[in-house]
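A short worksheet on the structure shown next.
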Amino acid sequence: MALFPIEQFEKIDTPFYYYDTQLLQHTIATIHQTAPKGSVVHYALKANSHPALLSIIAQAGLGADCVSGGEIRHAINAGITPDKIVYSGVGKTDKEIAMALQLGIDCFNVESSAELEVINDIAGQMQMVAPIAIRINPHIDAHTHHYITTGTSENKFGIDITQMHHVIEYAQTLRNITLRGLHFHIGSQITSVNPFIQLCNVINKLQKELLSKEITIDYINVGGGLGVNYENPDIDSIPDFQSYFDTFAQHIHLQPGQTLHFELGRSVVCQCGTLIARILYIKEGLNKRFAIIDAGMTDLMRPALYQASHKIENLSSNKPAQAYDVVGPICESSDSFGTGVWLNEARRGDFIAIRSAGAYGQSMASQYNSRELPGTFIG
Ligand SMILES: *Cc1c(COP(=O)(O)O)cnc(C)c1O
């Protein structure tokens, strides 16, 4: 079991997110040590945009992958300069596009022909040239939950690989656009290197085709998606960046002068975050025992949204373990963190740790049921 400063937790209202900033620092140091030479890593803010974490990430020199104008603002407020910001997302508004152009961000990751046209128009009105990368859907099954698969055929993300040449030709006719990169992001929580090898193979093939047409691309952005160990966060507190980066270094064939870009979210911040809650009630049912806690799907939506499971620990008890259904207070049946979870015998008031909650946890929190947003404890 990881060590938590429980004495200090006594003074704070639960639920709250506890962040181990030392682990975050070590994680980023590992990224720096293992990323291929000359490559660029952008942190995907949607995983977690808490200012305390962002400022550490900014100081460590990572760039930012943003999916809204709000995230671009957060990145800049944290000290990430516009030249290190890329902007993805299928539904960029005119206002957001204008703001990003005004700031001079590094690149728009464009997800449709229609968006290309709008960016070109807005850049034209502003007498600017917008740097863009085309997001391509490479038809790769990332073998992850269907809600977080993005690279298979016909979904809202990216331009279908079969339409790529057509869209590139179109981009070349637009005067206020400059094609800088190709962008891919095949899904999230990917725990095997195979989908990434497949991605490299697809990219190599595309590059050959582009080369034959004398189209030059400055960078290849392979997105994010590296998975983390939710079952055993203490064994794998830092994800296996070495294997991940080595896979790309080995399999991708870059053209001279080309830069490789990564956009990692989950793997950067997931293991440094824990949702801390207290047990409100132990409810003895007919065949089950419920631990009703004061955190719910409003604080951590992943179990309700993706059927995700997080390791849960009772930080306040050393007694023998019993099976509990750990549930929240929200008026939805999906507001459950796990059934038959083995916890040290629990009582009202015990601190419960829901581990691996640093990514897609606090950033997805809502106020449904008119609840307050979860607090934060920076450790
Ligand atoms: C969400 C997202 C990422 C980050 O994905 P992780 O699985 O958290 O690493 C990267 N790129 C794009 C375009 C995204 O939408």
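The values are calculated or read from the model by the stated rules, or taken from the named source; none is laboratory data. No experiment lies behind these values; they were computed from the predicted model shown. All Cβ positions, even for glycine, are placed from backbone atoms using ideal geometry, and neighbour counts span all protein chains on display.
For the range 268-308, which positions are of a type in the set (S, T, N, Q) and closer than 24 Å to PRO5 by Cα? Passing the criteria: GLN271, THR274. Filtering the range 210-236 to residues that are surrounded by fewer than 19 Cβ atoms within 10 Å (Cβ to Cβ) and touching a helix residue (DSSP H, G or I) at 6+ places or on another chain (Cβ under 7 Å) leaves only ILE215. Under the condition of being hydrophobic (A, V, I, L, M, F, W, C) and in a helix (DSSP H, G or I), the residues counted in the range 14-49 number 7. When the range 227-272 is limited to residues that are touching an Asp or Glu at 6+ places or on another chain (Cβ under 8 Å) and not polar (S, T, N, Q), the one that is farthest from the ligand (Cβ to nearest atom) turns out to be GLY257.
Filtering the range 345-379 to residues that are without any contact (Cβ under 8 Å) to a residue 60 or more places away in the chain and at positive phi leaves only SER370.
From the list ILE330, ILE352, the lone residue that is part of a strand (DSSP E or B) and in the same structural domain as ALA295 (by TED's automatic domain parsing) is ILE352. Pairing residues of the range 258-269 that are of a type in the set (Asp, Glu) with residues that are within 10 Å of the ligand (Cβ to nearest atom) and part of a strand (DSSP E or B), at Cβ distances under 8 Å and at least 6 apart in sequence or on separate chains, gives GLU263/HIS42; GLU263/TYR43; GLU263/ALA44; GLU263/ASP65; GLU263/VAL86; GLU263/ASN221.
Would you call ALA291 surrounded by 15 or more Cβ atoms within 10 Å (Cβ to Cβ), of a type outside the set (Val, Ile, Thr) and within 19 Å of THR14 (Cα to Cα)? Outline the logic, then answer.
Numbers: surrounded by 15 or more Cβ atoms within 10 Å (Cβ to Cβ): yes; of a type outside the set (Val, Ile, Thr): yes; within 19 Å of THR14 (Cα to Cα): yes.
The answer is yes for ALA291.
Select from the range 40-56 the residues that are surrounded by 21 or more Cβ atoms within 10 Å (Cβ to Cβ) and closer than 19 Å to CYS107 by Cβ and write down the one among them that is farthest from the ligand (Cβ to nearest atom). Filtering first and then ranking leaves VAL41.
Scanning the range 79-132 for residues that are under 21 Å from ILE57 (Cβ atoms) and touching a residue at least 60 places away in the same chain (Cβ under 8 Å) yields a count of 4. Inspect all residues belonging to the range 149-172 and state whether any of them is of a type in the set (A, V, I, L, M), surrounded by 21 or more Cβ atoms within 10 Å (Cβ to Cβ), under 22 Å from the mean Cα position of the chain (by Cα) and at pLDDT below 90. Taking every residue of the range 149-172 in turn, none turns out to be of a type in the set (A, V, I, L, M), surrounded by 21 or more Cβ atoms within 10 Å (Cβ to Cβ), under 22 Å from the mean Cα position of the chain (by Cα) and at pLDDT below 90. Note on the range 57-75: among residues that are more than 22 Å from PHE184 (Cα to Cα) and crowded, with 19+ Cβ neighbours inside 10 Å, the one that is nearest to the ligand (Cβ to nearest atom) is ILE57.
For the range 80-121, taking the residues that are away from the ligand (no atom under 16 Å from the Cβ), among the β-branched types (Val, Ile, Thr) and in a loop (DSSP other than H, G, I, E, B), the one that is nearest to PHE157 (Cα to Cα) is identified as THR93. If the condition is being closer than 19 Å to SER39 by Cβ and more than 16 Å from the ligand (Cβ to nearest atom), then the range 198-226 contributes CYS200, ASN201, VAL202, ASN204, LEU206, GLN207, THR216, ILE217, ASP218.
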